[in-house]
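The values are calculated or read from the model by the stated rules, or taken from the named source; none is laboratory data. If you're wondering where the values come from, they're calculated on a predicted model, not measured in any experiment. Here the Cβ positions follow ideal geometry from the backbone for every residue, glycine too, while neighbour counts run over all protein chains shown.
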Amino acid sequence: MRLDRFLAETTDLTRSLAKKALHRGEVSVDGEVVKNPATQVDASHKVTWNGQPLALVGLRYVMLYKPAGVECTARRTLYPRAIDLIALPKVERLQPVGRLDVDTTGLVLLSDDGQWSHRVTSPRHRCGKVYRVTLADPLEGAALEDAIARFAEGLLLDGEEKPTRPAELAMRAPEVAELVLYEGKYHQVKRMFAAIGHHVVALHRESIGPLSLGELPEGEWRELTAEEVAAF
Ligand code: URA
């Protein structure tokens, strides 16, 4: 790739600032100062900027314990963004792999690997997402039996053309449900409970496929291991 692009990929410099740094003689390739932005380099070259070695970053995979009040979005809003909590270079390249609402807590995966993200989110791959759902009122007896059956069959949400895919509902307490979804429609959990006349007061995602938060504290993040990435 061109040297100015290499600099933009590996530092906070834009392409035009990279060209200026080159022009000032701040960049060396294999020990020689290089000023031409069109010079071709790859990972085999030793590129330094002001003496600091630069390396291309590979694909990255992160898990975050999202607190409430944080948004899974790339644009800047009123709220801090999930990527603002992650201290990695070029963090804006990471995309949430299935978003959580601003008031929802729990496991968010982020990556810049589009194919992997597709494997995690595509309903065809049947990667279960487990939610702990706290309801305003108890769900029990015949209403619970009915809800389990309707969620297992799939129900048509307002504004949707296709019913939800089969989902698994169980109760951990009269007001605390566990719901396993294999897809991710907009506000899906809240809308599914609204469809059966229940209001969700708190929502937490515990796991995505084989990954759960484990001991990760709220607001913290970590990169996935190679085994975790390969598990999807
Ligand atoms: N379903 C919702 O309603 N909200 C979320 O944040 C995730 C799933």
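Could you check, for the stretch 47-66, whether at least one of its residues is within 30 Å of ILE196 (Cα to Cα) and in contact (Cβ under 8 Å) with a residue 40 or more places away in the chain?
Yes, that holds for at least one residue.
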**Prompt:** Do you know which residues across the stretch 51-72 are touching a Phe, Trp or Tyr at 6+ places or on another chain (Cβ under 9 Å), in a loop (DSSP other than H, G, I, E, B) and over 15 Å from LEU109 (Cβ atoms)?
**Reply:** LEU56, GLY69
**Request:** List the number of the failed condition for GLU223; all other conditions in (1) touching a residue at least 60 places away in the same chain (Cβ under 8 Å); (2) touching a Pro at 6+ places or on another chain (Cβ under 6 Å) hold.
**Result:** (2)
**First in the stretch 197-215 and within 9 Å of LEU107 (Cβ to Cβ) and in the same structural domain as GLY106 (by TED's automatic domain parsing), second anywhere and in a loop (DSSP other than H, G, I, E, B) and of a type in the set (A, V, I, L, M, F, W, C), Cβ under 8 Å, 6 or more apart** = ARG205/LEU100; GLU206/LEU213; SER207/LEU213; ILE208/VAL97; ILE208/CYS127; LEU211/LEU224; LEU211/ALA231
**Prompt:** Under the condition of being of a type in the set (D, E, K, R) and within 25 Å of TRP116 (Cβ to Cβ), which residue from the stretch 169-217 is nearest to the chain's Cα centre (by Cα)?
**Reply:** ARG205
**Message:** Being assigned by TED's automatic domain parsing to the domain that holds ARG124 and over 18 Å from THR121 (Cβ atoms) is the requirement here; does LEU181 meet it?
**Reply:** no
**Asked** Can you name the condition, by its number, that ASP42 falls short on among (1) assigned to a loop (DSSP other than H, G, I, E, B); (2) over 30 Å from the mean Cα position of the chain (by Cα); (3) of a type in the set (D, E, K, R)?
**Response** (2)
**Prompt:** From the set of residues in the stretch 88-105 that are within 16 Å of the ligand (Cβ to nearest atom) and assigned to a loop (DSSP other than H, G, I, E, B), which is farthest from VAL62 (Cα to Cα)?
**Reply:** ASP103
**Request:** Pull up the stretch 11-48, narrow it to residues that are closer than 30 Å to GLY114 by Cα and of a type in the set (A, V, I, L, M, F, W, C), then point me to the one that is surrounded by the most Cβ atoms within 10 Å (Cβ to Cβ).
**Result:** ALA18
